[in-house]
1. Of the residues in the stretch 211-233, how many are open to solvent by less than 50 Å² (accessible area, probe 1.4 Å) and touching a Gly at 6+ places or on another chain (Cβ under 8 Å)?
2. Could you tell me how many of the residues in the stretch 223-256 are in contact (Cβ under 8 Å) with a residue 24 or more places away in the chain and over 30 Å from LEU88 (Cα atoms)?
3. Where residues in the stretch 132-159 are out of contact with any Ser or Thr (no Cβ under 7 Å at 6 or more places or on another chain) and closer than 15 Å to THR198 by Cα, which of them is modelled with the lowest pLDDT?
4. Inside the stretch 129-153, can you point out the residues that are surrounded by 14 or more Cβ atoms within 10 Å (Cβ to Cβ) and closer than 14 Å to ARG96 by Cα?
5. Pairs please, first residue from the stretch 68-94 and open to solvent by 20 Å² or more (accessible area, probe 1.4 Å), second anywhere and assigned to a strand (DSSP E or B) and not hydrophobic (A, V, I, L, M, F, W, C), Cβ atoms under 6 Å, 6+ apart in sequence or on different chains.
6. Within the bounds of the stretch 28-49, is there any residue that is in a loop (DSSP other than H, G, I, E, B), modelled with pLDDT under 50 and farther than 17 Å from MET161 by Cβ?
7. Looking at ALA249, is it at pLDDT below 95 and open to solvent by 20 Å² or more (accessible area, probe 1.4 Å)?
8. Going by the conditions given, is GLY122 at positive phi and open to solvent by 20 Å² or more (accessible area, probe 1.4 Å)?
Amino acid sequence: MSGTPPMTSADPPHAPAVRHLSLAFAKSFRPWFLGLAVATLAFASAATGTQDATANGDTRSLTIFHTHSRESLTVTFRRDGRYDDQALSQLNWLLRDWRTDESTKMDPRLFDILWELYREVGSREPINIISAYRSPATNGMLRRRSSGVSEHSQHMLGKAMDIRLPDVDTARLRAAAMRLQYGGVGYYSSSAFVHVDTGNVRAWPRMTQDQLARLFPDGKTLHLPSNGKPLAGYEIARAEIPARNAALAKQASAGGGSVGGLLAGLFGKGKPAPAPAAPEPTPVKVASAAVEPEIIEPTAIAPPLPPRRPAMQAIVVASAEPMALPIAAAAPVAPEPVRKATNWSEPKAAAKALFDSRTASLNLTFAPQLPGDLTITRFSGPAVKPLPVLRQASL
């Protein structure tokens, strides 16, 4: 019995048969156990970095508010560790290009990033979306306006979002996104938002050496400081972080499968049920968030109206033409005929004008060369109508 271990006094009588059966079972199923162990380790590495409380059967929800379309959505995008296709379709439409109403398939890893950021900073407000998908036409238009817009922007690929949390400082949100090291992080302090994407790990503008060292005390980061000198753990990060992100990307492309689905596929007990086809990205009516945050984007605000005036006065002010108040109807007055000028050198004309009632309204002047004429300075009598002085023909 060279291939069988010796029996001891403690072994029962049927121990040799049992031990032979165990060895045969182990030899025949060794490849299956080895494959299972490798697959389990691979799946565990794919879940690394998605927060300690994140298990393969977790459920994740988000509340999002789009600052331009003013649409909001509360949705559970992961159920039991798998992406929900209907929820992803709703998110794809919410995050569409709001200028052209074009949508695309967003990278599901973006929603995992948002979920982890939300938990990391402890926010209680909906996640504000400034920009998500951009159509090529929109990206070209923005690029003509600003040199800071990339020609091959991650926004056009559905792999980037510009976000803001109203109750979290923008610098703190930037630091939390950089610590995840899941992709690119852009910091726009003047506009109070942070860019996140699922591309290569990078950040702009770069932190100083001291700032980056405080953010990563162990030095294990792919982020580079402003002086270009990597931290002490840069090489370790190069060996770990890209592999982790690649495993997460593969998991996301496969729909975020669970452990049960993985085991069923390994042991061949029927093919795993195919994921339901994603519906066409048609407009969906999204639910409003419970609390709508204050929007910092500049919006046109109507000026306050003045107090209401009395009805009659308001009518007069609003009318473009003057309106007569309804006090009494004025009798029509015939226009006064144009009167010819009186020639005072003619005796008959002067005598006729003397008794005309309109003479009092004339500005009569006196010839200074005539003796005894009346002037304002020398006149002290009663206020009577002055008489015209007739020029004699001899004068």
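1. Going through the stretch 211-233 one residue at a time, the tally reaches 6.
2. Number satisfying all stated conditions: 2.
3. Per the criteria, the residue is HIS152.
4. Scanning the stretch 129-153 gives ILE129, ILE130, SER131, ALA132, TYR133, ARG134, SER135, THR138, ASN139.
5. That search, which allows pairs on different chains as well, returns THR74/THR63; THR76/SER61.
6. Yes, the conditions are met somewhere in the stretch 28-49.
7. Answer is yes for this residue.
8. So GLY122 passes the test.
The values are calculated or read from the model by the stated rules, or taken from the named source; none is laboratory data. Being a predicted model, the structure only gives us computed values, none of them experimental. Glycine gets a Cβ as well: all are built from the backbone with ideal geometry, and neighbour counts include every protein chain shown. These accessible areas exclude ligands, DNA and RNA; they are computed on the full protein's heavy atoms, side chains included. Shrake-Rupley method; radii C 1.70, N 1.55, O 1.52, S 1.80 Å.
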